[in-house]
Amino acid sequence: MEIVKNLHSYFAYIVLFILLAATLNAITGWLGKKEFRFEKDLRISLFALILSHIQLLVGLILFFVSVNGLKAIQTLGMGGLNSASRLLAIEHPFINIIALALITIGWSRHKKKTDDTAKFKSIAIFYGLGLLLILSRIPWGQWFN
């Protein structure tokens, strides 16, 4: 279980970096009215989508095997969770699932657009919202200890 926890923690840096890069790339493409190119724009957005989903899968595995996930809810009950355990057992997984849904919506919407600006706009908005949600539920106190 420690391997899964470490994978989830360290892989998060890569995911955050590529998701931030994809979001910033989309914002600059949208505001700069740039051409949406396969070699750069599509690939960075696709890598962010794929890596985010891999991170979610690792997180879900961790949720089911960790004492801080489902086992904490089963042991303490919903009312017995303190704020730190509630963050790990409820808020972090729930909000990150919503964030991944937004990122996936942004990817799906961009594929339906024919205008380059609209492609960038879709990715910028939905990936940006997903990134903000992810950043809001990272257990910062435990991450840097």
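Where a number appears in this text, it was derived from the coordinates with a stated rule and is not lab data. Since the structure is predicted, the reported quantities are computational estimates derived from the model, not experimental observations. Please note: Cβ atoms are built from the backbone with ideal geometry, for glycine as well, and neighbour counts cover all protein chains shown.
Treat the count of other C-beta atoms within 10 Å as a stand-in for reagent exposure and order Leu51, Leu31 from fewest to most. Mind dumping the intermediate values first?
Working: Leu51 19, Leu31 12.
In increasing order of surrounding Cβ atoms, one gets Leu31, Leu51.
Determine the gain in length on full extension of the stretch Glu2-Leu46; use 0.36 nm per residue of separation and subtract their C-alpha separation, reporting nm with one decimal.
Residue separation times 0.36 nm, minus the Cα-Cα distance, leaves 12.9 nm.
Build a GNM of the chain with springs between Cα atoms under 10 Å: which of Ala12, Ala118, Ala84 gets the top mean-square fluctuation?
Comparing Ala12, Ala118, Ala84 in the GNM, the peak value goes to Ala84.
Would you order Ser85, Ser45, Ser9 from fewest to most other beta-carbon atoms within 10 Å of each residue's own beta-carbon? Don't skip to the answer; put the middle values down first.
Details: Ser85 17, Ser45 29, Ser9 14.
The order, fewest Cβ neighbours first, is Ser9, Ser85, Ser45.
Report the charge-dipole magnitude of the chain in Debye, nearest 20, computed about the Cα centre from +1 at each Lys and Arg Cβ and -1 at each Asp and Glu Cβ. Before the final figure, lay out each step's value.
Details: 15 positive and 7 negative charges, 73 e Å.
Dipole size: approximately 360 debye.
Testing the spin-label approximation: label points 7 Å from Cα along Cα→Cβ at Lys112 and Ile90. State their distance in nm.
3.4
Just want the ordering: Phe36, Phe126, Phe17, Phe11, from fewest to most Cβ atoms lying within 10 Å of their own Cβ.
Working: Phe36 20, Phe126 23, Phe17 12, Phe11 15.
By the 10 Å Cβ count, ascending, the order reads Phe17, Phe11, Phe36, Phe126.
Reachable aspartates and glutamates from Lys71, Cα under 17 Å, same-chain residues fewer than 8 places away excluded?
Result set, ordered by chain and number: Glu2, Glu91.
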